[in-house]
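To keep things clear, I will list the structure first and then write my remarks on it.
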Amino acid sequence: MAENPYKLLGLKKSASEAEIRKAYRSLAKKLHPDVNPDPKAAERFKNISAAYSLLTDKDMKARYDSGQVDASGQQQNPFAGRRGPNGQAGGFAGGGFDDMGDIFSSLFGMQGGRQGGMRGQQRRSRPQKGQDVRFAMSVDFLDAVNGVSKTVRMGNGKTLKLTIPTGTDDGSVLRLRGKGEAGIYGGPSGDAKVDITVTPHKYFKREGKHLRLDLPITLKEAALGGKVKVPTPSGSVTVSVPAGASSGKTLRLKGKGVKGGDMLVRLMIVLPEGGEKALGKFISKNKTLFDDDPRADMLP
């Protein structure tokens, strides 16, 4: 049997929809297979995704909370949550014929009594919009920045083609009109709502429309300057490192961010591995080059 969905997401039963979404996104960023290769994490990611799908489906959440379905969405006691007028469980003792009609109507599509049947027929004959469907989807960082088309399978078994727009941000909700459950008696189809979680990137960090990148450079490139290749979401570009660049100097690449934003490249000097002895000898012989105190303005 599937675990309690509230427990899986670390939530109380009173959690709001916003709290459910926040909890799922936080866990998904840690457990998504693109970020965490541990098989146990992949299994847990699958479980929290199922829990999220159940708790963001208002109908299924209500049925779970009342005990009509279990955490897997499987039917349980069909009379769970019903009580008769005297408070007895099940809703039978003391209940009238109309109560029984309502119960059997919900189970078998029947109406108790002629008058109840007529009222039910009138209600059913009106066009009704199909139910909305909601599911979560993780998107690769660069796919979210550049935009991508995907084919996904929803919880109801339907296959859906969708477009992740350029610049989609973490926490976005895509609404696909008419892609939910079919309407009843000629009513329109419901909508599909897709909650997007963007997986973090190893190098890029997003700030609105801007991207940040720490770029390693050699001591030689920092001292003498030169041209280096820099990765961007649309491919690598060549930039010029000015001679005498210090760690922390930031270069701005206009238009290389998200939807026309900029990319801010911070230069980070990396000392040669295993070359500390030779570097130490050079500094010892040329002490005057390194006598300036870079902290002079900071100290009293």
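Here are some notes:
- Of the listed requirements (1) on the phi > 0 side of the Ramachandran plot; (2) open to solvent by less than 20 Å² (accessible area, probe 1.4 Å); (3) not polar (S, T, N, Q), residue 211 misses just one: (1).
- Of 18, 2, all but one fail to be of a type outside the set (S, T, N, Q), in contact with a helix residue (DSSP H, G or I) (Cβ under 8 Å, 6 or more places away or on another chain) and either surrounded by 20 or more Cβ atoms within 10 Å (Cβ to Cβ) or under 26 Å from residue 74 (Cα atoms) (or both); the exception is 2.
- Residues of region 167-187 satisfying the condition of being touching a residue at least 60 places away in the same chain (Cβ under 8 Å) and open to solvent by 70 Å² or more (accessible area, probe 1.4 Å): 184, 185
- Close pairs from region 14-42: first over 10 Å from residue 138 (Cβ atoms), partner among the β-branched types (Val, Ile, Thr) and assigned to a helix (DSSP H, G or I), Cβ under 9 Å, at least 6 apart: 23/48; 24/48; 27/48
- Residues in region 269-277 include none that are touching a strand residue (DSSP E or B) at 6+ places or on another chain (Cβ under 7 Å), at pLDDT 95 or above and closer than 18 Å to residue 227 by Cβ.
- Residue 169 being acidic (Asp, Glu), more than 30 Å from residue 271 (Cβ to Cβ) and assigned to a helix (DSSP H, G or I): no
- Selection of region 222-234 for residues being open to solvent by less than 30 Å² (accessible area, probe 1.4 Å), farther than 14 Å from residue 246 by Cα and free of Cβ contacts under 8 Å to residues at least 60 places away in the same chain yields 228, 230, 232.
- Against the test of being over 25 Å from residue 166 (Cβ atoms), open to solvent by 60 Å² or more (accessible area, probe 1.4 Å), out of contact with any His (no Cβ under 9 Å at 6 or more places or on another chain) and in contact (Cβ under 8 Å) with a residue 60 or more places away in the chain, the options 271, 299, 219 yield a single qualifying residue, 219.
The values are calculated or read from the model by the stated rules, or taken from the named source; none is laboratory data. Please read all numbers here as calculations on a predicted model, not as lab measurements. Note that we place each Cβ from the backbone using ideal geometry, even for glycine, and neighbour counts take in every protein chain shown. What goes into the accessible areas is simple: the full protein's heavy atoms, side chains included, and nothing from ligands, DNA or RNA. Shrake-Rupley method; radii C 1.70, N 1.55, O 1.52, S 1.80 Å.
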